[in-house]
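For reference, the structure is listed below as structure tokens.
The values are calculated or read from the model by the stated rules, or taken from the named source; none is laboratory data. Just so you know, these numbers come straight off a predicted model, no measurement behind them. Heads up, the Cβs are rebuilt from the backbone with ideal geometry, glycines too, and the neighbour counts pull from every protein chain shown. Surface accessibility is based on the protein's heavy atoms, side chains included, excluding ligands, DNA and RNA. Shrake-Rupley method; radii C 1.70, N 1.55, O 1.52, S 1.80 Å.
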Amino acid sequence: MRITTSIRTAAAASTVLALALGASACGGSTEPASGGKDLKGQTVTVAGVWTGSEQKNFRKVLDAFTERTGAKTVFVPTGDNVSTFVGSKIEGGNAPDVALVPQVGVLQQFAKEGWLEPLSEKAASTAGANLAEVWKNYGTVDKTFYGLYFKAAHKSTVWYSPSAFQQAGVAEPKTFADMLKSGRTIADSGLPAFSVAGEDGWTLTDWFENIYLSQAGPEKYDQLASHSMPWTDASVVKALTTLGEVFKDKQLLAGGSSAALNTDFPGSVEQVFGPKPKAGMVYEGDFVGGMAKDDFGKKLGEDAKFFPFPAVDSGKAPVVSGGDAAVVLKDGKNKKAAQRLLEFLATPEAAAVWASAGGFISPNKDVDLASYADDTTRATAESLVDAGDSVRFDMSDQAPAAFGGTKGAGEWKLLQDFLRDPSNPKATAAKLEAAAAKAYKS
């Protein structure tokens, strides 16, 4: 899943580019505990996908780095295809110093291309003390620690309208079966249960991943993510069958499959929290709360609430995550200052800057929960950290882009086809395996 791909498209690209290239951080008066402003006169170029409020809030983190070190920073937006952007910059002899990479598969690609510097001893040590082992593993390629996970997404949250629940007389469900039962009760009271953004294939992969992680367990999840187990495995067919229960039920799916396939991610949030509600719930990550608040004026914890994606069958409640890893590029012009930036990003102080601004959660367990701007975000951050090593990174983001991250192809398209007609999970599993085999071999 590309966590904020659909959100970002709302920003005016020209304005963002002007801001990114024209703005640089200003020095402040705060001195660090050691080192002083020893990077004064140096510039660190940082490339990342963030636009709009995400870029604005990350600039606050860069400003804090400037206050500590004196280094100037420039943020350059990559667009959604980080790999293409960075590759072209390296080829042109103008590589950024630091890149923020939102997919594990892309980080692995960068490492195998020889584009990355390992984390400095200090950054690796700091991260080693405050990140769960699973986050270090996702940032490691061939036993070398390259990627520091700075920003995370909690993608096991189901967001709902409290008024819809109240009208139907239902409470937050604890199991998947209860969630579907409550959904049908909500539908009986006049509002379909779920708004599903079928136009954006990545949301469908997230549905599948949560069901699969809970139902099949983390070991099989890892095997499927690495394609050491085929998609024709019985566990995949079972998960697709479970997902099909939602897709085939018009009480559960707002407007049925045809409407879902014409609903993009922002539209799915609007259908629950906009002025004309068309559904009681929308499943997606913690970033739904930010949209409900910023785009539709909802008060988190009152007008917009969430419950954890519930356990499926006899499994445990899943915690699927995404995240952005900071890496130092070997061809950057200022590797020393770049490593210092990552050493700063590894600290809870850096995360706290963005946490207080909102729209952010950190996998860093040393971040004070009081840093977060509201109770709802605090709860999602606490849930992510408490999950420890049971967290699993978004499976489609671990796959080659041809399978897990391309519009109109691979897993995205095949799950859209399954949403259109969920009658044959076994056939869908076979098509997924054929697509996966081709992508992983290449």
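Remarks
- Flag if Asp178 is touching a Pro at 6+ places or on another chain (Cβ under 9 Å), surrounded by fewer than 16 Cβ atoms within 10 Å (Cβ to Cβ), touching a residue at least 24 places away in the same chain (Cβ under 8 Å) and not basic (Lys, Arg): yes
- Of residues in segment 410-442 being more than 22 Å from Thr242 (Cβ to Cβ) and touching a residue at least 24 places away in the same chain (Cβ under 8 Å), the one surrounded by the most Cβ atoms within 10 Å (Cβ to Cβ): Ala439
- Among the residues of this structure, Thr205 does not count as one that is farther than 27 Å from Ser163 by Cα, open to solvent by 10 Å² or more (accessible area, probe 1.4 Å), in contact (Cβ under 8 Å) with a residue 40 or more places away in the chain and not small (Gly, Ala, Ser).
- Selection over segment 100-143 of residues that are within 20 Å of Asn364 (Cβ to Cβ) and assigned to a strand (DSSP E or B) gives a count of 3.
- A count restricted to segment 42-77 and to residues that are at pLDDT 95 or above and outside any strand (DSSP E or B) stands at 15.
Table: residues versus (1) in a loop (DSSP other than H, G, I, E, B); (2) buried (at least 22 other Cβ atoms within 10 Å of the Cβ); (3) not acidic (Asp, Glu).
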position: Glu199; (1), (2), (3): yes, no, no
position: Gln223; (1), (2), (3): no, no, yes
position: Ser228; (1), (2), (3): yes, no, yes
position: Val236; (1), (2), (3): no, yes, yes
position: Ala239; (1), (2), (3): no, yes, yes
position: Thr242; (1), (2), (3): no, no, yes
position: Asp249; (1), (2), (3): yes, no, no
position: Ala259; (1), (2), (3): no, no, yes
position: Thr263; (1), (2), (3): yes, yes, yes
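- Scanning segment 208-221 for residues that are in contact with a Lys or Arg (Cβ under 8 Å, 6 or more places away or on another chain), among the aliphatic types (A, V, I, L, M) and buried (at least 24 other Cβ atoms within 10 Å of the Cβ) yields a single hit, Leu213.
- Leading residue by the ranking (farthest from Ala401 (Cα to Cα)) among those in segment 415-438 that are part of a loop (DSSP other than H, G, I, E, B) and not charged (D, E, K, R): Ser423
- For segment 155-167, a residue qualifies if it is open to solvent by less than 20 Å² (accessible area, probe 1.4 Å) and either at pLDDT below 95 or in a helix (DSSP H, G or I) (or both), and the qualifying residues are Ala164, Phe165.
- Of all residues in segment 181-197, exactly one satisfies the criterion of being open to solvent by 40 Å² or more (accessible area, probe 1.4 Å) and under 29 Å from Phe393 (Cα atoms), namely Lys181.
- Residues satisfying the stated conditions in segment 78-94, i.e. in a helix (DSSP H, G or I) and more than 17 Å from Gly48 (Cα to Cα): Glu91
- Flag if Ser228 is more than 27 Å from Gly183 (Cβ to Cβ) and either hydroxyl-bearing (Ser, Thr, Tyr) or free of Cβ contacts under 8 Å to residues at least 12 places away in the same chain (or both): yes
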